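Q: A single structure is presented below for examination.
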Amino acid sequence: MSNDARAAARSVVALAGFLIVAGLQLIVVLGVLWTVLKLLPADFALRAGVPLSIATFGALGYATWRALHIRRRVPAGVAVTRSDAPELWALVDGAAAAAGVTPPAGLTVVTDATVVVGERTRALGLLGGRRDLYLGLPLLQAWDTARVRAAIAHELAHGSARLGRWAPTAYRGRIAVGRLVPRWSRRRNPAGAVFRAYARVYRRWDAPFSRAQELAADRIAAGHAGPEAAAAALRDLPVLAGMQRLFHAEYVAPGWSAGHVPDDVFGGFLRVLAARGEDVAILRARGPEPAGLWETHPPLAERLAALTPVESPAEPPVDPSAESSTDSPADPPADSPDEADPAQSEISADELVPDLPGLGRALQAVAFPPHGRTEVGWDDFLSVARTAEMEREAGAALAAVSRAVGTAVPDAERILELAADGRLRAAADTVFPGLTPEETAERIVELLSLMLALAALRSGVARWRHNWTGTAELVAADGAHLNLTDVAAAAADPEQAEAVRAYLSRIGVDLAAPGGDGAAARAQALGGLINLSADGERTDLLVTDLGFLLVPGLSRGKGPEAKRRLNQIAAGGVPVSGSRASGPEDGTSAVATIEAPADGRRFVPFADVGAVTALPGRRRGWVIGLRDGGSLTLRPALDTDELPGGWAAWEEAVTFLTGTR
């Protein structure tokens, strides 16, 4: 038996140790329970035996099952059959043959820049099942065929038995444990402490083989697609994923939250790649993010050095023109057993997937369902997103000024009146007590610039001119230059206020113009928790960027149904009303409130939260104090579960609220 085969077997033995630890944990508790019952009087032991067994052995057994239960997550995507894309499937078959594995049972194109083989495993990966390949559409759009071939070959090679018959099992188990460890680390499962301790032992046993297995997968990819293509795929995949995160954060999310959806999400991504080459270069120079504790891959520099002693020529990480390259990958070494098929090297992306734009539209319908949002072109989408951001900023600013002056300040006209009589400066001193006079003057000009720009947009005098470099310019309706910053600076001077008002009226700006009846804004879901106790009632909770949505929980045993329901709510977004700036006379403030509450749902805006207090004890809890004097007590239950990232989103929100109240 080779060293690699022995390392694979040792990794599998360590993996099986989790099941042994689980059994021993239950046996110990059962032994203690039996001993206690033996020491009790017979009559009392008979009466107390069942409830005591449920409270100890039963509770720990359920907790152990939950700790080891792997949730199968299937990413949203479009299944591509062999008849839909025969050339793409031929590429996958060739990569599978090079890796020495059977081809995957299915191929699904997904939104993320990734290549993943998902397997329906059992018993922590000790038993395998159906394997499906998930391939990111951005790779098909932006990469040449050689890099796609290398990435697929590497991923399929994880299931290769060339390092020993137990190598595929070791990899499946490593992935399973890596998914479970974060759940054990939250210290909410009584069975998690022992598993956390044993996980450290498992990691030490598995680490050497993990490294060897990843390097072996790299060698298989290089032998099949060529070392240059394999190295390019290693370097460029983190870059493409980073650009996709930037695209969603800066371009998609603002308009999505404003109640709109672009008509061609993936086409917009290609435009960003083409326009922001500087950001691509920065991401590539920065390299991948630091690896986590359970990262299976060796450092990138080590992997590139193992592929070839000579650094491959620099090449752009993506093809922003969306025209797939037809360059052939470099020839594999002469002694490589897996020669790349020359015919496949000439296949372009359009030939791999006959209708790539059509596939993008189908994927958008699955991954970005409108859920009531208005579909618009990219120019309109970016414009409404930027205007919605300004509306939110203006709402918060007007609310602060209203509180400072003691009366409602609803629009730019009222702001200019305050600037003319000097009360805006007094309000700014109240809102920003620690600033110097010069800094306070800058804040006043910023507020005036914001309100004047918003009034110009509402009046139809101004519009946004966009490009794909991440910046937008406010211009006149006919495209001419429009400088409202200097106008705002003049408006800050009480002596020039009337002249500014006359100029704005002359160019058609209505300072009291109301906001348009656009699509309802939607709070963006950040995470969710299932089966909490809220003031003693079973409740599901969705953490959004504007507040908490509480949904009456379902009865016990309906956890999967509750997760599906909360996922649907999260996918659609939480419709909220626009902010409203009001004064003390009606007791309201600029906050987001849920539109048309349904099914007993309750929305708690962050602006309404006055304090968050953590309750002591092993069973943690939180008291959310509200500004109106009320409170809300939240506690996790034994069957509390989460949507992906739910607890992380909750803890981040609590930290934010604790630090800003």
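The values are calculated or read from the model by the stated rules, or taken from the named source; none is laboratory data. All figures in this text were calculated on a predicted structure; none of them were measured in a lab. Because the Cβ atoms are built from the backbone with ideal geometry, glycine has one as well, and the counts that use them run over all protein chains shown. The protein model used for the area step is the full one, side chains on, heavy atoms only, and it has no ligands, DNA or RNA in it. Shrake-Rupley method; radii C 1.70, N 1.55, O 1.52, S 1.80 Å.
Q: Report the full-extension gain for the segment Asn3 to Glu442: residue separation times 0.36 nm, less the Cα-Cα distance, to one decimal in nm.
A: Contour length minus the Cα-Cα distance gives 151.2 nm.
Q: Going by alpha carbons, how many degrees (0 to 90, nearest 10) lie between the helix axis of 265-275 and the longest principal axis of the chain?
A: The angle comes out near 80 degrees.
Q: Ok, one more. As an exercise, use a Förster radius of 25 Å and the Cβ-Cβ distance of Ala253 and Ala281 to find the FRET efficiency, rounded to the nearest 0.05.
A: 0.55
Q: Along the charge dipole of the stretch 143-298, which of Ala197, Ala230, Gly287 sits closest to the positive end, that is, farthest toward it, with unit charges on the beta carbon of Lys, Arg, Asp and Glu (+1, +1, -1, -1)?
A: Ala197
Q: Hey, what do the phi angles of the stretch 123-132 turn into as Karplus ³J(HN,Hα) couplings, whole Hz, using 6.51/-1.76/1.60 and θ = phi - 60°, x for Gly and Pro?
A: After applying 6.51 cos²θ - 1.76 cosθ + 1.60, I find 6, 6, x, 5, 10, x, x, 4, 10, 10 Hz.
Q: Also, quick follow-up: If packing is taken as the average count of other Cβ atoms within 10 Å, what order do 29-39, 386-396 fall into, highest mean first?
A: Per-residue Cβ counts within 10 Å, averaged per peptide and sorted highest first, yield 386-396, 29-39.
Q: Modelled label-to-label distance, Ala48 and Arg465, 7 Å Cα→beta-carbon offset: nm?
A: With each label placed 7 Å out from Cα toward Cβ, I get 8.3 nm.
Q: Take the Cα gyration tensor of the chain, multiply each eigenvalue by 5, square-root it, and list the three semi-axes largest first, rounded to whole angstrom.
A: They are 50, 39, 20 Å, listed largest first.
Q: Show me the ranking of peptides 527-536, 475-484, 78-87 by mean Cβ neighbours inside 10 Å, starting with the highest.
A: Packing proxy ranking, top to bottom: 527-536, 78-87, 475-484.
Q: Now a separate question. Return the calculated 222 nm mean residue ellipticity for the chain, to the nearest 500 deg cm²/dmol, obtained by summing -39500 (n - 2.57) across DSSP H runs with n ≥ 4 and dividing by the residue count.
A: Value at 222 nm, helices only: -16500 deg cm²/dmol.
Q: Please report, as a whole percent, how much of the solvent-accessible surface of the stretch 349-400 comes from carbon and sulfur atoms (probe radius 1.4 Å).
A: That fraction is 54 percent.
Q: From the backbone phi of the stretch 64-74, what are the Karplus-calculated ³J(HN,Hα) couplings (6.51 cos²θ - 1.76 cosθ + 1.60, θ = phi - 60°) in whole Hz, Gly and Pro given as x?
A: Here the 3J(HN,Hα) series is 5, 4, 5, 5, 9, 6, 8, 7, 7, 10, 10 Hz.
Q: Explain nothing, just the number: dipole magnitude of the chain about its Cα centre with +1 on each Lys and Arg Cβ and -1 on each Asp and Glu Cβ, in debye rounded to the nearest 20.
A: 4440
Q: Could I ask something else about it? Of the accessible area of the stretch 110-243, with the probe set at 1.4 angstrom, what percent is carbon plus sulfur?
A: C and S fraction of accessible area: 54 percent.
Q: Just name one of Ser160, Phe656, Leu554: the one whose Cα is farthest towards the positive end of the charge dipole of the chain (beta-carbon charges, Lys/Arg +1, Asp/Glu -1).
A: Value computed over the given set: Leu554.
Q: Express the accessible area of the chain per residue in Å², computed with a 1.4 Å probe while the remaining protein chains stay in the model.
A: I get 47 Å² per residue for the chain.
Q: Determine the gain in length on full extension of the stretch Arg165-Asn567; use 0.36 nm per residue of separation and subtract their C-alpha separation, reporting nm with one decimal.
A: Additional length available on full extension: 140.8 nm.
Q: Of all accessible surface on the stretch 421-461 at a 1.4 Å probe, what whole percent is carbon and sulfur?
A: Its accessible area is 56 percent carbon and sulfur atoms.
Q: With contacts defined as alpha carbon pairs under 8 Å and 6 or more residues apart, what's the relative contact order of the chain in percent?
A: It rounds to 12 percent for the chain.
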